[in-house]
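What follows is one structure encoded as structure tokens, with my remarks underneath.
The values are calculated or read from the model by the stated rules, or taken from the named source; none is laboratory data. What you see is a predicted model; the values in this text were computed from it and never measured. All Cβ positions, even for glycine, are placed from backbone atoms using ideal geometry, and neighbour counts span all protein chains on display. Areas reflect the complete protein model, heavy atoms only, side chains present, ligands, DNA and RNA absent. Shrake-Rupley method; radii C 1.70, N 1.55, O 1.52, S 1.80 Å.
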Amino acid sequence: IVFILAGIVGLGLGRRITHPILQSVTLLLNSSQALKRLAAKEEVTATEQKWVIESSQVGMQSVQYYTNATSTAAHSLSEMSKQLLEQLKQTNAPPVVKQQLNEMLGMSLYIEKASQYQESSNKSLSTALRVTTQVTDQLASGATSATEASTQLEQVVDQLRQIVD
């Protein structure tokens with residue numbers, strides 16, 4: 001009778017102890033699955049962002065190339081215009097030619113100034129791309145960490161189940 005009572009008390013006490021552990025195991029398992037889903041979404045987002053950044057960098061290189069080409073051409077044009085104006089001062093060229101050459105010089109200087117502003121914008125965009133790359137790398141790292149944490153959490157769940165069983 002004592003053994004039967006001890007067995008019943010032990011069984012009841014064992015269930016009271018294991019029930020909260022089993023509930024915790026279920027909650028941990030749910031948390032692990034949620035963490036895995038989050039990690040998967042972060043990984044997809046990081047991959048998409050890397051693609052966008054790479055595409056933006058290719059576009060940025062193209063813009064920088066054309067900005068440099070425009071700046072070089074405008075500078076050459078303004079230098080030629082200045083030289084021609086100096087040469088025209090020594091001749092009796094019609095005033096209309098001098099006026100048109102002055103206008104060409106003004107336009108080339110304007111284009112040079114616009115190229116300088118574009119170069120400044122290019123630098124700002126380049127900085128933004130660099131920062132975005134760093135954020136994307138952190139996002140990818142976070143996804144990896146979340147996946148590792150989820151795996152460890154699953155191992156803890158398995159160990160708790162083994163203890164309770």
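Of all lysines in the structure, those lying under 26 Å Cα to Cα from Lys123, and not within fewer than 8 positions of it along the same chain, are Lys50, Lys113.
Averaged per residue, region 114-165 has 67 square angstrom of accessible surface, using a 1.4 angstrom probe with ligands and nucleic acids left out. Hey, could you get me the Stokes-Einstein D for region 4-149, Kirkwood radius over alpha-carbon pairs, 37 °C and 0.692 mPa s, rounded to whole µm² s⁻¹? The calculation lands on 151 µm²/s.
Each residue, Gln155 and Gln99, gets one label point 7 Å from its Cα in the Cβ direction; the gap between the two is 8.5 nm.
Across region 40-47, computed HN-Hα scalar couplings (Karplus, 6.51 cos²θ - 1.76 cosθ + 1.60, θ = phi - 60°) run 5, 5, 4, 5, 4, 4, 4, 5 Hz from first to last residue, x flagging Gly and Pro. Listed values for region 109-117 are Karplus-derived 3J(HN,Hα) couplings in whole Hz (6.51 cos²θ - 1.76 cosθ + 1.60, θ = phi - 60°), namely 5, 5, 5, 4, 5, 4, 5, 5, 5, and x replaces Gly and Pro.
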